[in-house]
Amino acid sequence: TARAGYAGGKSKDSTVCYHNALNVGDYGSLGHAEVVALTIPPSSFEQFALEYFKLFDDKGNRPDQFGDKGPEYRNLVGLPGGTKSPYAKQLISASMATGDKLDFAVGKGDDKDLRAVTFVMDTAVFPFYVAEQYHQFHDGFNLNENYPKSYNSLAGKLANSGNLEKSMCPNGALGIGVGGL
């Protein structure tokens with residue numbers, strides 16, 4: 001499973017939200033970055049890590065490196081136990097197997113956006129906060145980056161079935177969400 005959300009800030013505020021007109025729990029102000037939480041079977045972690053590192057070019061730039069900038073867009077990977085996790089070794093091995101384009105740093109919270117650096121965060125110290133429903137399963141933001149309706153409709157279907165966690169955040173910049181979510 002995958003969920004859009006926020007993580008990596010030092011703040012332990014229980015309400016973490018996208019920028020909103022009410023200025024409730026603004027994730028950037030709280031030091032968090034935009035992230036995707038993934039549930040990965042342990043036997044598939046190495047394959048995930050290989051795919052992750054393929055996202056970066058030969059100089060370690062992520063695809064949006066020159067568009068989205070700042071600490072809200074920094075590279076981070078959350079692992080149970082952080083750098084002491086057995087997954088951390090697999091992460092480094094996958095990085096080396098794909099050209100060793102990135103450096104790693106221990107995530108300390110509120111970290112800077114550094115080119116070619118991935119912060120490894122301990123998920124027990126830096127938990128994931130689920131994003132608003134309208135951030136789940138939407139189109140990309142580039143021109144013609146539209147996903148099929150079968151994908152876009154997943155948020156509504158999951159919400160209606162009770163299988164999409166709800167955030168306690170106001171929906172959207174004006175307090176209303178997209179598509180009534």
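The values are calculated or read from the model by the stated rules, or taken from the named source; none is laboratory data. On a predicted model such as this, the values are computed, not experimentally measured, just so you know. Because the Cβ atoms are built from the backbone with ideal geometry, glycine has one as well, and the counts that use them run over all protein chains shown. SASA here: full protein model, heavy atoms, side chains in, ligands and nucleic acids out. Shrake-Rupley method; radii C 1.70, N 1.55, O 1.52, S 1.80 Å.
At a glance:
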quantity: Selected residue (criterion: farthest from Ala33 (Cα to Cα)) from residues of segment 62-108 that are modelled with pLDDT of 95 or more, in a loop (DSSP other than H, G, I, E, B) and among the small types (Gly, Ala, Ser); calculated: Ser85
quantity: Meets criteria (within 27 Å of Gly31 (Cα to Cα), without any contact (Cβ under 8 Å) to a residue 40 or more places away in the chain and either open to solvent by 40 Å² or more (accessible area, probe 1.4 Å) or hydrophobic (A, V, I, L, M, F, W, C) (or both)) for Phe104; calculated: yes
quantity: Residue selected from segment 114-136 under the condition open to solvent by less than 40 Å² (accessible area, probe 1.4 Å) and part of a loop (DSSP other than H, G, I, E, B), by the criterion farthest from Phe56 (Cα to Cα); calculated: Glu132
quantity: Selection within segment 1-19 - surrounded by fewer than 18 Cβ atoms within 10 Å (Cβ to Cβ), part of a loop (DSSP other than H, G, I, E, B) and of a type outside the set (Lys, Arg); calculated: Thr1, Ser11, Asp13, Ser14, Thr15, His19
quantity: Selection count where residues are farther than 19 Å from Met121 by Cβ, at pLDDT below 95 and not charged (D, E, K, R), scope segment 42-61; calculated: 1
quantity: Count of segment 48-84 residues which are free of Cβ contacts under 8 Å to residues at least 40 places away in the same chain and closer than 27 Å to Asn142 by Cα; calculated: 9
quantity: Number of positions in segment 58-98 that are open to solvent by 50 Å² or more (accessible area, probe 1.4 Å) and in contact with a helix residue (DSSP H, G or I) (Cβ under 8 Å, 6 or more places away or on another chain); calculated: 6
quantity: Unmet criterion (only one of (1) in a helix (DSSP H, G or I); (2) surrounded by fewer than 20 Cβ atoms within 10 Å (Cβ to Cβ); (3) not polar (S, T, N, Q)) for Ala155; calculated: (2)
quantity: Where a residue in segment 27-40 is in a loop (DSSP other than H, G, I, E, B) and its partner, wherever it lies, is of a type in the set (Gly, Ala, Ser) and exposed (fewer than 14 other Cβ atoms within 10 Å of the Cβ), with Cβ under 9 Å and at least six apart; calculated: Gly28/Gly70; Thr39/Ala2
